[in-house]
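Undergrad: Below is the structure I would like to discuss, written out as structure tokens.
The values are calculated or read from the model by the stated rules, or taken from the named source; none is laboratory data. Just so it is clear, the structure is predicted and the values come from calculations on it, not from any experiment. Neighbour counts are summed over all protein chains in view; Cβ atoms, including those assigned to glycine, are modelled from backbone coordinates with ideal geometry. Just so you know, the surface numbers come from the protein's heavy atoms only, side chains and all, with ligands and any DNA or RNA stripped out. Shrake-Rupley method; radii C 1.70, N 1.55, O 1.52, S 1.80 Å.
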Amino acid sequence: MRPLCRPHEGLDKAQSRVTYLLACIETPSYVHAPVPKRTYVTNAAAHQGSRSFCLMDIESFYPSCREEKVLAFFQHRMRCSPDVAVILARLCCDKGSLPQGSPSSPILSYWAYSEMWDAIFNIAKEAGNVFTLYIDDLTVSGQVVLKSTIWKVQKEIHKHGLAIKVGKTRWIVNKPAGVTGAIVGPEGLRLPNRQHQKLSAAQSDFSKPGGNRKKKTNVLRGRQAQASQIMNHPATVRDGNSH
């Protein structure tokens, strides 16, 4: 459970406008959220063919994204005047950090720490690995992922005042890996078993008479739409073949 800090209507409009304008700026290919036309599926597909994976999360991500980093982004990267930078940072932050539930927090969590993310990308690249970022989910993969590489990644994160959730760090070697909701294997992507089960359960419930038909329809359509994002991706394996 994560506490939400939803903005009121007027503030929501201001933050949504900031979000829209920042979304117009091109981001590196390793960033998969929140980026138009990139999803959790494209994030997973970037690791197709890898045999070794290290999956990490940032500890208390939004509360750890400090307002001074957001302020520095607006003032130095966007070249806003100091007074405008302060106003924008205060509009988008709450109690000194990015609030959970704000429309601008996801994109600002990238831009405020873009120097760090770029450094991590270069660490992985120099090691012959692939790095992707999905909000606060970091994935490093390749034929071999060395512990020394991940140590450098964690050192870079710590340098910027953040930390990795040690208990949630996962190493997966020579077997399919669950990466942001999709299964990645040497041949390509697959739909996770739990999604197959949820889709089957929704179809079974929909076929039964009675109950709230509108709710059943919405649940089934939601499960179908979620599954189709993976099943319709070019990297997804069907009947043992990659298409």
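Undergrad: Scan region 37-52 residue by residue and report those that are of a type outside the set (A, V, I, L, M) and under 23 Å from ALA119 (Cα atoms). Before the answer, list the steps.
TA: Looking only at region 37-52, we keep the residues that are of a type outside the set (A, V, I, L, M), and these are 37-40, 42-43, 47-52.
Selection gives ARG38, THR39, TYR40, THR42, ASN43, HIS47, GLN48, SER50, SER52.
Undergrad: Here's something else I'd like to know. Just to confirm my filter: which helices (runs of 4 or more DSSP H) fall fully inside region 1-84 and include at least 3 residues that are open to solvent by 80 Å² or more (accessible area, probe 1.4 Å) and closer than 20 Å to LYS95 by Cα? Give the steps one after another, and end with the answer.
TA: Numbers: elements: 9-23, 40-45, 61-64, 67-72.
Qualifying helices (runs of 4 or more DSSP H): none found.
Undergrad: Please pick out the residue among ALA119, ALA89, ALA124 that is under 26 Å from GLY178 (Cα atoms), out of contact with any strand residue (DSSP E or B) (no Cβ under 8 Å at 6 or more places or on another chain) and of a type in the set (A, V, I, L, M). Quick ask: steps written out before the conclusion?
TA: Numbers: ALA89 fails: under 26 Å from GLY178 (Cα atoms); ALA124 fails: out of contact with any strand residue (DSSP E or B) (no Cβ under 8 Å at 6 or more places or on another chain).
Within the list ALA119, ALA89, ALA124, the selection yields ALA119.
Undergrad: Tell me the strands (runs of 3 or more DSSP E) entirely within region 112-193 that contain at least 1 residues that are touching a Pro at 6+ places or on another chain (Cβ under 8 Å).
TA: Strands (runs of 3 or more DSSP E) meeting the threshold: 177-179, 182-184.
Undergrad: Count, please, the residues in region 115-130 that happen to be of a type outside the set (Asp, Glu) and open to solvent by 10 Å² or more (accessible area, probe 1.4 Å).
TA: Taking region 115-130 and keeping what is of a type outside the set (Asp, Glu), we get 116-117, 119-125, 127-130.
Filter once more, so that each one left must be open to solvent by 10 Å² or more (accessible area, probe 1.4 Å): 119, 121-123, 125, 127-130.
So the answer is 9.
Undergrad: Could you list, in sequence order, all residues of region 149-196 that are of a type in the set (S, T, N, Q), under 25 Å from SER64 (Cα atoms) and open to solvent by 20 Å² or more (accessible area, probe 1.4 Å)? Spell out the reasoning first.
TA: First, pick out the residues of region 149-196 that are of a type in the set (S, T, N, Q): 149, 154, 169, 174, 180, 193, 195.
Within this subset, residues satisfying the condition of being under 25 Å from SER64 (Cα atoms) are 149, 154, 169, 180.
Scanning region 149-196 gives GLN154, THR169, THR180.
Undergrad: Given the criterion touching a Lys or Arg at 6+ places or on another chain (Cβ under 8 Å) and either farther than 26 Å from ILE157 by Cβ or not small (Gly, Ala, Ser) (or both), identify the matching residue among ASP57, ASP83. Explain how you work it out, then say what you get.
TA: On the way: ASP83 fails: touching a Lys or Arg at 6+ places or on another chain (Cβ under 8 Å).
That would be ASP57, the only listed residue that is touching a Lys or Arg at 6+ places or on another chain (Cβ under 8 Å) and either farther than 26 Å from ILE157 by Cβ or not small (Gly, Ala, Ser) (or both).
Undergrad: Okay, next question. Of the residues ARG51, ARG38, ARG17, ARG90, which is touching a residue at least 60 places away in the same chain (Cβ under 8 Å), out of contact with any Cys (no Cβ under 9 Å at 6 or more places or on another chain) and among the basic types (Lys, Arg)? Spell out the reasoning first.
TA: Numbers: ARG38 fails: touching a residue at least 60 places away in the same chain (Cβ under 8 Å); ARG17 fails: touching a residue at least 60 places away in the same chain (Cβ under 8 Å); ARG90 fails: touching a residue at least 60 places away in the same chain (Cβ under 8 Å).
That would be ARG51, the only listed residue that is touching a residue at least 60 places away in the same chain (Cβ under 8 Å), out of contact with any Cys (no Cβ under 9 Å at 6 or more places or on another chain) and among the basic types (Lys, Arg).
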